[in-house]
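Here the structure is laid out as structure tokens; the discussion comes afterwards.
Here, each number is a calculation from the coordinates, and none is a lab measurement. What you are looking at is a predicted structure, and each value in this text was computed from that prediction instead of being measured. Ideal geometry is used to build each Cβ from the backbone, glycine not excepted, and the neighbour counts take in all protein chains shown.
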Amino acid sequence: MKNILKFAALLILFQLNACKDDNESGTNANTRMLTASPWGNAQVTHTTDGDLSDQYTDFAIAFTDNSSDGFDGTFIVSNGSYAFSENTGQWKFNDDFTQIILDSEKVMDIQLDEDHLKLDFTVPTPGGRLAGVSGHFTFDLQPL
């Protein structure tokens, strides 16, 4: 519950910051769709472990439109588990809007429309004895 309240408070702050005139911020249609609401209701698949949706029932990710330092905005992740080691950071689209690149250097292939966001990415194998935290993930998300 504490995580949900923390996420909600941060989301409100991000949304207030993102409430700029589209012409002023250079927002395009893809950015508007991505930042319109947080994304959740995750259907998660992993190439080795199969359906992991039950491990991501409280997952949510929110993107804002506030360009700076070469990035298109900021993001916040709630309950990202193994797939998202980053809780917050900056993001940007690639030139043809088929990928989101995080400031952590994670690159995610995307499919985006108003009712659906699909993130497809690989988490590299970490050093040490951590098992089950790497591999290819696909997140099918809906607006919350």
Would you please give the FRET efficiency between Asp69 and Gln43, computed as 1/(1 + (r/R0)^6) with r the Cβ-Cβ distance and R0 = 41 Å, to the nearest 0.05? 0.80
Once the Cβ-Cβ distance between Ala36 and Asp95 is put in as r, and R0 is 25 Å, what FRET efficiency do you end up with, to the nearest 0.05? 0.70
